[in-house]
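Notes follow once the structure below has been shown.
Taken together, the values in this text are just the output of simple stated rules run on the coordinates, not laboratory data. Here the structure is a predicted model, which is why all the values come from computation and not from measurement. Methodologically, a virtual Cβ is constructed for each residue, glycine included, from the backbone with ideal geometry; neighbour enumeration extends over all protein chains shown.
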Amino acid sequence: CKGVNGLDKVVLREAKGSSAEVYLYGGQVTSWKNDQGEELLFVSSKAIFKPPKAIRGGIPICFPQFSNNGPLEQHGFARNRFWSIDTDPPPFPTNTSNKAFVDLILKPSEEDLKIWPHSYEFRLRVTLGPGGDLMLTSRIRNTNNDGKPFSFTFAYHTYFSVSDISEVRVEGLETLDYLDNLQEKQRFTEQGDAITFESEVDKIYLGTPTKIAILDHEKKRTFVLRKDGLPDAVVWNPWDKKAKAMADFGDDEYKHMLCVEAAAIEKPITLKPGEEWKGRLELSTVPSSYCSGQ
Ligand code: TA6
């Protein structure tokens, strides 16, 4: 399926062999490989790479609404739109020397303005660092000329590829409060000393630290998620029943994926005309032996 520029995706490669792929559809990263060529993100074998479905996997961008907390479609519309290559980005704060990167931009169509009557420029820079780290920087500016502010919620809905969900633990969210989507979004406090998985989980952790670790025991690999401007973190695994109910998701695929999503949900972000918000996500991997307790 061709994007608006006749391209459907951009491939980023760096010298030691790491790579990333970004689809113009959704502005969505759909692959992040290390220098051994191992795929680090999960994309369902049943994913559909064209409208109207969002691509099931990689890093969907949830904007201007996370989940169904509002009048828009689930997770907003940014992941269901064709983005363009941004050929004239204003200077980005991120240093891109010796890094591979692509700049994408999304602005509202006439149709979009009917469902969400706000003008904005959403610039997304995807960067692959020399060590294979992946960085996403979103800059959203209110370009309303009617003086109106707008508010939005946001998430990088990242699907990590894991060997076996029953042997994964998440560190950095212990003792925090969370809203449990499986219990009418009621507020609880995390009791565990790390999060492990033996059934469906769908929790929005609030006021989370900059760094969260996802340990894959079998691979002896830890994903390190660092974030800026994104105070919340969603942890989601559909488990078997929900997996079977999703047409674009294999029945057993829940065993090999985990979503940990850097997000701004509890407190929507409000921008006045001319104001810009920045949300940054940085993903890297380290051998697990170095990471526990760091
Ligand atoms: O991130 C968790 C969540 O909000 C879950 O409730 C589940 O709906 C998931 O997102 C996937 O949503 P999607 O619209 O992509 O099927």
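Look at where the Cα atoms of the stretch 8-24 and of the stretch 247-271 average out, and the two centres are 22 Å apart.
Given 4 °C and 1.567 mPa s, compute D for the stretch 119-208 with the Stokes-Einstein relation, Rh being the Kirkwood radius over Cα pairs; round to the nearest whole µm²/s.
Working: Rh = 16.7 Å.
Calculated translational D: 78 µm²/s.
Sorted fewest first by neighbouring Cβ atoms within 10 angstrom, Ile269, Ile61 come out as Ile269, Ile61. The Kirkwood radius of the stretch 1-76, taken over pairs of alpha-carbon atoms, gives through the Stokes-Einstein law at 20 °C and 1.002 mPa s a diffusion coefficient of 158 µm² s⁻¹. Along each principal axis, taking the top coordinate minus the bottom one, the Cα set of the stretch 229-281 gives 46, 18, 17 Å in descending order. In the chain, inverting the average of 1/r over every pair of distinct C-alpha atoms gives 19.4 Å as the Kirkwood radius. Pairwise alpha-carbon distances in the stretch 64-165 exceed 15 Å for 69% of all pairs.
Run the helix sum for the chain: -39,500 (n - 2.57) per DSSP H stretch of 4+ residues, divided by residue count, reported at 222 nm to the nearest 500 deg cm²/dmol.
Details: 3 runs with 17 residues, N = 294.
After summing the helix terms and dividing by the residues of the chain, the value is -1000 deg cm²/dmol.
Contact order, relative form, for the chain: 18 percent (alpha carbon pairs under 8 Å, 6 or more residues apart, mean separation divided by residue count). Converting the Cα gyration tensor eigenvalues of the stretch 127-285 into ellipsoid dimensions via √(5λ) gives semi-axes, longest first, of 29, 19, 16 Å.
A cut-off under 14 angstrom between Cβ atoms defines the neighbours of Pro231, and their net charge, with Lys, Arg +1 and Asp, Glu -1, is +1. Bridging of Lys99 to lysines at a Cα separation below 16 Å is possible for Lys16, Lys33, once same-chain residues fewer than 8 apart are set aside.
I need the trypsin sites (Lys or Arg not before Pro) found in the stretch 197-294, filtered to DSSP loop residues with at most 16 other beta carbons within 10 Å of theirs. Sparse-neighbourhood loop trypsin sites (Lys or Arg not before Pro): Lys220.
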